[in-house]
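Read through the structure below, which is laid out as structure tokens, and then see the notes.
The values are calculated or read from the model by the stated rules, or taken from the named source; none is laboratory data. Remember, it's a predicted structure, so these values are computed and weren't measured experimentally. A quick note on method: Cβ atoms are made from the backbone with ideal geometry, for glycine too, and the neighbour counts reach across all protein chains shown. Remember, those area values only see protein heavy atoms, side chains included, never the ligands or the DNA or RNA. Shrake-Rupley method; radii C 1.70, N 1.55, O 1.52, S 1.80 Å.
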Amino acid sequence: ISGGPPHKIRDEATSESVSPDGSLLSFETNTGKDGDREIWVMQPDGKQARKVFEVGENGSIGGLTWSPDGRRVIYVRQDGADITNFYFVSGDLNGGPLTKVLPPIDPKLMNAFIWLPDGRMIYRLDEPDFKVKTCNLWQIAMDQRFTEFIGKPHRITNFAELCVNPMGATSDSKRLGVFEWRPHSSVYVAGLQAAGTRVTTPERLTREESWNHPLAWTADGRAI
């Protein structure tokens, strides 16, 4: 956007967010068996990088973002591979005590999420009562110090048979960018040949753009 060729500022790092004043960029690194184990910050040009948070070999952390006033940060921590051990941690980049903040709903139900510049969290929640996979977006506010969620979750979309992931928001938190997707699968049928070691050219059985999964054959093998 500003002209000139792009240049690399860091190896083996996943960038996350920029501080409200634009002076720091956060990133994760040191990948373990369950995800990245360290969070660092650096200047946007890659200088003065320093590690600010880390976990042991059996944990993972990431997704750091700043409070609206830039004084505190919050990030995700998961202890082990079990999603039920997922929670948020808030603190100060310059040290001091850390605060554990539990998710507003069951971690197994909450999927992709982002933080808005004004401190709200937007997250995706899968709907259980649809034949075709359906997801919607919800929001919940936090206090200015990122130490607790405020109020109850509020639903902001009402889609059916499609999913949306929150992608980003404008700096004034008034417009949200989302990624929309519709999962589908089709059933194909093929004949077995050469004692089951080869198949004939598969023919598509289901034609609609929906979620189809074969469960069983009839006893005479003429229908699925």
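Which far-off residues, 5 or more places away or on another chain, put their amide H under 5 Å from the one on A169, with H placed in the peptide plane?
Amide H to amide H, under 5 Å and 5 or more residues apart or across chains, A169 pairs with G177.
Can you list the equivalent-ellipsoid semi-axes of region 65-192, largest first and in whole Å, using the square root of 5 times each Cα gyration tensor eigenvalue?
Largest first, region 65-192 gives 32, 18, 13 Å.
In Å², and per residue, what accessible area does region 1-144 have when probed at 1.4 Å with the other protein chains present?
54
Suppose every K and R has +1 on its Cβ and every D and E has -1 on its Cβ; what is the size of the dipole of the chain about the Cα centre, in Debye to the nearest 20?
240
For a quick check: with amide H placed at 1.01 Å from N, whose amide H comes under 5 Å from R72's, ignoring anything fewer than 5 positions away on the same chain?
Long-range HN contacts for R72: S67.
Return the sequence-ordered ³J(HN,Hα) values of region 133-141 in whole Hz as given by the Karplus equation 6.51 cos²θ - 1.76 cosθ + 1.60 applied to θ = phi - 60°, using x for Gly and Pro.
Residue by residue, region 133-141 yields 3, 9, 9, 9, 9, 10, 9, 8, 8 Hz.
Considering only protein heavy atoms and a 1.4 Å probe, what is the carbon-and-sulfur percentage of the accessible area of the chain? Walk me through the numbers on the way to the answer.
On the way: 7040 of 14060 Å².
After summing per-atom areas, the C and S share lands at 50 percent.
Using θ = phi - 60° and the Karplus form 6.51 cos²θ - 1.76 cosθ + 1.60, what ³J(HN,Hα) does each residue of region 63-68 get, whole Hz, x for Gly and Pro?
Whole-Hz 3J(HN,Hα) from phi for region 63-68: x, 5, 9, 9, 5, x.
Placing +1 at every Lys and Arg Cβ and -1 at every Asp and Glu Cβ, with all other atoms neutral, what dipole size does region 9-73 have around its Cα centre, in debye to the nearest 20?
So the dipole magnitude of region 9-73 works out to roughly 200 debye.
HN-Hα J couplings of region 38-55 from phi, Karplus 6.51/-1.76/1.60, θ = phi - 60°, integer Hz, Gly and Pro as x?
Running phi through 6.51 cos²θ - 1.76 cosθ + 1.60 with θ = phi - 60° gives 9, 10, 10, 10, 7, 5, x, 8, x, 8, 6, 6, 8, 7, 10, 9, 7, 10 Hz.
Taking region 155-209, which trypsin sites (Lys or Arg not before Pro) meet the DSSP loop condition and have no more than 12 other C-beta atoms within 10 Å?
Listed in order of number, the matching sites are K174, R175, R207.
In terms of modelled amide H atoms, which long-range or inter-chain residues lie less than 5 Å from the amide H of G62?
Amide H neighbours of G62: V76.
Percent relative contact order of region 1-136, based on C-alpha pairs within less than 8 angstrom and at least six residues apart? Intermediate values should be presented prior to the final figure.
On the way: 273 pairs, mean separation 18.5, N = 136.
Across region 1-136, relative contact order equals 14 percent.
How high is the relative contact order of region 150-193, in percent, with contacts defined as C-alpha pairs under 8 Å that are six or more residues apart?
30
Scanning the chain for GluC sites (Glu not before Pro) in DSSP loops with at most 14 other Cβ atoms within 10 Å, what's the longest stretch left with none?
58-147
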